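As structure tokens, the structure follows; a few thoughts come after it.
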Amino acid sequence: MQAEQRGSVAGRVLVITGAAGRIGSFYRQHLREQGAVGDGAAQWRLRLVDVRAPEGVRPEDEVLAGAEAGNLADLDVARRAVAGAHSVLHLAADPSPRADFYASLLDRNIKATYNVLHAAAEAGVRRVVFASSVNAIGGYPKDVQVRAEDVAWPGNVYGASKAWGEAVCGAFVAQSEGKLSAIAVRIGGVTSRERISSGRQQGWHAIAVTYDDLSQLFDRCLNGAPDVTFAVVNGISANRFLRMDLESTRRRLGYRPNDDAFAIAEAQGT
């Protein structure tokens, strides 16, 4: 599939990689519902990048999709993707904890992340928000609450690819001498409120993050925290028991999650 070019790229361009995925799709819907997409100075123009064609595309969106046009493992593709952008939300990755390193993770999680950060620093992008994962700290004992400041300890190779991405964010921020800022979000188990139930796997509720809470956190990362040059933050809801501590995320970004997966499951009686 060839790249599909739509709309103007003038203005405050937000690049969303992995835009056809579940997180990219609900966050795009959130931005539209909040009136955050448009021609205004405080609004975003969306550039959607993925190896698959995103659904729900609007005429004003710019789309770079397809096996070649969305392949961020190619540095030239990454350069085209971020050219002239204000900010980048880098969601593109193989999200499976069972993904094979050579068959998938090397290109989709390692090369693509490096290329996006390299191209962003080169192009003068203001901020990159990197989708890390709770898997980056999965090696800690289950009874240990992990702070955002704690060193990554992956529980699988997928988690290691996310920990590497966190480190690459820091490296490019340092090399840019303050011109680029980056926030890596260790995202928990992403879910809608309706899909939360008491029958989920033990420990799952302690890492859950609802669509609404994660959308708020992305908003904070993209629109707030002007003094943050580089940070790793934890991204879960305000659950009764927290696998990852939220104090640093609240303090640095003003994040105020509203949902508690334990309470939602109890209220639904499921």
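Using 0.36 nm per residue and subtracting the Cα-Cα separation, the extra length available between Ser197 and Val228 on full extension is 7.6 nm. Could you tell me whether region 96-150 comes out rounded, prolate or oblate from its Cα gyration tensor? Rule is a ≥ b ≥ c as square roots of the eigenvalues, rounded for a/c under 1.5, then prolate if a/b exceeds b/c, otherwise oblate. In terms of gyration-tensor shape, oblate.
Would you please classify the overall shape of region 11-144 from the alpha carbon gyration tensor, given that a ≥ b ≥ c denote the square roots of the eigenvalues, rounded means a/c under 1.5, and beyond that prolate means a/b larger than b/c while oblate covers the rest? It comes out prolate by the Cα gyration axes. Work out the FRET efficiency for Arg251 and Asp143 from their Cβ-Cβ distance, taking R0 = 22 Å, and round it to the nearest 0.05. For Arg251 and Asp143, the calculated efficiency is 0.35.
The gain in end-to-end length when the Arg52 to Ala174 segment is fully stretched comes to 40.6 nm, 0.36 nm per residue minus the alpha carbon separation.
Could you work out the per residue convex hull volume over the alpha carbons of region 193-270, in cubic angstrom? The partial results should precede the final answer.
Values: hull volume 6.1 nm³, N = 78.
It is 78 Å³ per residue.
Whole-Hz Karplus values for region 143-158 come out as 8, 9, 8, 8, 8, 4, 7, 6, 5, 4, 9, x, x, 7, 5, 4 Hz, taken residue by residue from phi with 6.51 cos²θ - 1.76 cosθ + 1.60 and θ = phi - 60°; glycine and proline positions read x. Computed on the chain, with alpha-carbon pairs under 8 angstrom and 6+ residues apart, the relative contact order is 15 percent. Under the classification rounded if a/c is under 1.5, otherwise prolate if a/b is larger than b/c and oblate if not, where does region 92-186 fall, given a ≥ b ≥ c as square roots of the Cα gyration tensor eigenvalues? It comes out oblate by the Cα gyration axes.
Where does the chain land on Rg/Rh, using Cα atoms and the Kirkwood Rh?
Taking Rh as the inverse mean 1/r over Cα pairs, Rg/Rh reads 0.95.
Available extension along the chain between Arg80 and Arg22 is 18.5 nm, counting 0.36 nm per residue and deducting the alpha carbon span.
Values in this text are rule-based calculations from the coordinates and carry no lab data. Everything numeric in this text was worked out from a predicted model, so none of it was measured. When we count neighbours, we look across all protein chains shown, and the Cβ atoms used for this are built from the backbone with ideal geometry, even at glycine.
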